[in-house]
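Taking it in order: structure first as structure tokens, then the write-up.
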Amino acid sequence: MRWLVTGAGGMLGQEMTSLLLERDEACRAVARDELDVTDSAATEKAVAGFDVVVNCAAYTAVDAAEADEATAFGVNAVGAANLARAARLAGARIVQVSTDYVFDGAATRAYPEDASLAPASAYGRTKAAGEWAVRAENPDHLVVRTAWLYGEAGPCFPRTIARVAHQRGALDVVDDQWGQPTWTRDLADLVHRLVRADAPAGTYHGSSSGRTTWHGFARAVVAAAGLDPAIVAPTTSEAFVRPAPRPAFSVLGHDALERHGVVPIGDWAERWAVAGAGVLAPDQ
């Protein structure tokens, strides 16, 4: 099986590539400077000869997208459509990585895979459009939504929190937004397992199990950094207004995985206990 990973310079793309190589998969990784996914001809040429395309290419600057939705749409929707079409022409399966931002965040129970989309931000709208495009262009698709990603290969919430905690000795973190911190390694592993299990085409949720708030996650991060978690004080979203609205509730359900015999990612706290030392190492 021959794999192509796009967006390979990003946090998830690097993790996905490393995992595939470790598992002796034939893999080519292309970063943004090697493949512009908004170029349909270049995309078709790049995808030819591969069996699986994992699209990690994305415009993820959530706040910047509010002022530049057209650019975000180009990467997140047009780029996704180009890759899905190219994969179909090559006879390949496409894995489209999506996000909790396609939902409005108003739920009180975990979002099922078939919940109605209602994005509240430009980023969410462009990722929702990308999902639609992939489904329309390639019947052999896996749309994998994730949330609250962190990892060793780039800037992320835990690294920022640990740095600020060391520098300031105290910090305030919102305690009214709920979600599932998810390690990029676990998401890459899940994508690999889904493909190797020949999971039916459809939508799956690739987030950790359980739930917490950003405040709860920050306390776990600070503890892993060797500091007293009590230095993390709770605050509200109103105290940290950003250009793009953040979902208040980003908990995703995993029924589709379980229906098809694919084990979901474990509890976020247990996974952080495994991941934490490696993720924080560069900042220690």
Note to self: Can you tell me which of (1) closer than 17 Å to Gly9 by Cα; (2) touching a Lys or Arg at 6+ places or on another chain (Cβ under 8 Å); (3) outside any strand (DSSP E or B) is the one Asp63 doesn't meet?
What the structure shows: (1)
Next item on the list: Would you be able to tell me the number of residues in region 218-269 that are in contact with a strand residue (DSSP E or B) (Cβ under 7 Å, 6 or more places away or on another chain) and of a type in the set (Asp, Glu)?
Entry: 1
Next item on the list: Select from region 180-204 the residues that are in contact with a helix residue (DSSP H, G or I) (Cβ under 7 Å, 6 or more places away or on another chain), closer than 21 Å to Met11 by Cβ and not polar (S, T, N, Q) and list them in ascending order.
Entry: Pro181, Trp183, Arg185, Asp186, Leu187, Ala188, Asp189, Val191, His192, Tyr204
Checklist line | Members of region 133-168 found to be free of Cβ contacts under 8 Å to residues at least 12 places away in the same chain and hydrophobic (A, V, I, L, M, F, W, C), listed by number | finding: Val164
Note to self: Let me confirm something: among Gly226, Gly276, Gly261, which residue is free of Cβ contacts under 8 Å to residues at least 24 places away in the same chain and among the small types (Gly, Ala, Ser)?
What the structure shows: Gly226
Check: Mind checking which residues of region 60-106 are aromatic (Phe, Trp, Tyr) and crowded, with 23+ Cβ neighbours inside 10 Å?
Finding: Tyr101, Phe103
Next item on the list: Could you please give the count of residues in region 22-41 that are farther than 12 Å from Val5 by Cα, small (Gly, Ala, Ser) and part of a loop (DSSP other than H, G, I, E, B)?
Entry: 0
Notebook entry, point to check: If you scan region 69-117, which residues turn out to be within 16 Å of Val251 (Cβ to Cβ) and assigned to a helix (DSSP H, G or I)?
Noted result: Asp100, Tyr101, Val102
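Where a number appears in this text, it was derived from the coordinates with a stated rule and is not lab data. Everything quoted here is computed from the prediction, not taken from an experiment. For neighbour counting, all protein chains shown are included, and Cβ atoms are generated from backbone atoms with ideal geometry for every residue, glycine included.
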